Amino acid sequence: MKGYRKHLTAVLLAIISISVLAGCNSDDGKASGKSDPLKVHIALNGKMGPLVIAKEKGLFNEEFSKLDAQIEWSEFQSGPPLLESLASNRVDLSFLGDGALIAGIDKNLPFEVIAQTGRGESSVRILAQAEGNIKQIEDLKGKTVGVASGTTGHVYLIKALKAHGLTTDDIKLINLQPDDAQAAFETKQLDAWAIWNPYYLNNIEKGNAVALKVKGKILAPGAIIARNGFAKEHPEIVEAYLKVYKEAADWQIENPDEASEIYSKETKLPVNTVKTIITAEEPNIFFTEDAIKAQQESIDTLAGVGYIKKSFNFKNQIKNEYIDEAFKK
């Protein structure tokens, strides 16, 4: 009996010792003030752009480590699927083409417009089959045209058709994400395709396509965005994000050859093709009046054709406080 009591006492003491040690260990992190780094979800929208440079060269590491933050990357082919993830709090920071941007604002999705990506002068075209009979925009009537619905390509197509007296009701519109549209265009299941770079220039250089001329100049400016809740809780992270984005954009401008090599690896496109694309227009995160005007024209056009519920003032959607704080003199 005494032996049993001694054994029981020893077991109880061992359990108490383990519990005490566990308690000490669990309190150790709190006592030292340590916590897990903040997870920041950044989404790549396509395989080209300053975010790709920033990721490849690790530019976020130093800036974010100061703020005890750590990036979790995701990647999307276009804006609409990215918006779905943003709406479910799986994206905190990214950028959007004008189509997804306008549709997202129209649907009151939880994001803020904090900067632009550029004027979008060279980014989108309507391609026709090189050996086909489509020579001008008017020839698209009754033809099968591919585009990713809700993207910058979709907006460009609507505006281009309007400039030539047509609407999307005059064509057979097929909703395809870029990679699927590429396959459909190559096999001639599409007569035409509204698409952005690097797809359009690559197809032209391969001899698969010709770009249709459009009346006037159609700008397709993109915008840098932050999820509302995240921006409110972590404005310093948003400001750091803008600093790194600009750093990557400036590096691309100053190092076009090395930047082209990086993008070539991502896209599997020839380096010379990539260099032509990235030197055609420099990225610029500061909103310009012509880009704002182009966004407003797109909004009014999309409202006029019923793609969005109603028009709104784009300038009122821009939240300048983050970029002002990030780059204050």
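Quick notes
- Search result, residues across segment 158-177 that are touching a Ser or Thr at 6+ places or on another chain (Cβ under 7 Å) and either of a type in the set (Val, Ile, Thr) or closer than 13 Å to Ile126 by Cα (or both): Ile158, Lys159, Leu161, Ile174
- Of all residues in segment 61-112, those satisfying the criterion of being charged (D, E, K, R), in a loop (DSSP other than H, G, I, E, B) and in contact with a strand residue (DSSP E or B) (Cβ under 9 Å, 6 or more places away or on another chain) are Asp68, Arg90, Asp92.
- Considering residues of segment 43-63 that are surrounded by fewer than 20 Cβ atoms within 10 Å (Cβ to Cβ) and touching a residue at least 60 places away in the same chain (Cβ under 8 Å) only, the residue nearest to Ala231 (Cα to Cα): Glu63
- Residue match in segment 15-36 (condition: open to solvent by 10 Å² or more (accessible area, probe 1.4 Å) and at pLDDT 90 or above): no
- Selected residue (criterion: nearest to Thr301 (Cα to Cα)) from residues of segment 176-200 that are out of contact with any strand residue (DSSP E or B) (no Cβ under 7 Å at 6 or more places or on another chain) and open to solvent by 40 Å² or more (accessible area, probe 1.4 Å): Gln177
- Arg227 falls short on exactly one of the conditions (1) open to solvent by 20 Å² or more (accessible area, probe 1.4 Å); (2) farther than 16 Å from Leu96 by Cα; (3) in contact with a helix residue (DSSP H, G or I) (Cβ under 8 Å, 6 or more places away or on another chain), and that condition is (2).
- Qualifying residues in segment 135-150 (those that are open to solvent by less than 10 Å² (accessible area, probe 1.4 Å) and either assigned to a helix (DSSP H, G or I) or in contact with a strand residue (DSSP E or B) (Cβ under 8 Å, 6 or more places away or on another chain) (or both)) - the one farthest from Asp179 (Cα to Cα): Ile137
- Filtered residues of segment 232-269 (kept if open to solvent by 40 Å² or more (accessible area, probe 1.4 Å), touching a residue at least 60 places away in the same chain (Cβ under 8 Å) and closer than 26 Å to Asp179 by Cα): Glu266
- For segment 276-291, residues that are part of a helix (DSSP H, G or I) and buried (at least 16 other Cβ atoms within 10 Å of the Cβ) total 4.
- Single unsatisfied condition, Lys213 versus (1) more than 19 Å from Lys275 (Cα to Cα); (2) open to solvent by less than 60 Å² (accessible area, probe 1.4 Å): (2)
- The set of residues from segment 292-301 being out of contact with any Ser or Thr (no Cβ under 8 Å at 6 or more places or on another chain) and open to solvent by less than 70 Å² (accessible area, probe 1.4 Å) comprises Ile292, Ala294, Gln295, Gln296, Ser298, Thr301.
The values are calculated or read from the model by the stated rules, or taken from the named source; none is laboratory data. In this text the structure is predicted, and so the values were computed from the model without any measurement. Using ideal geometry, Cβ is built from the backbone for each residue, glycine included, and neighbour counts are taken over all protein chains shown. Just so you know, the surface numbers come from the protein's heavy atoms only, side chains and all, with ligands and any DNA or RNA stripped out. Shrake-Rupley method; radii C 1.70, N 1.55, O 1.52, S 1.80 Å.
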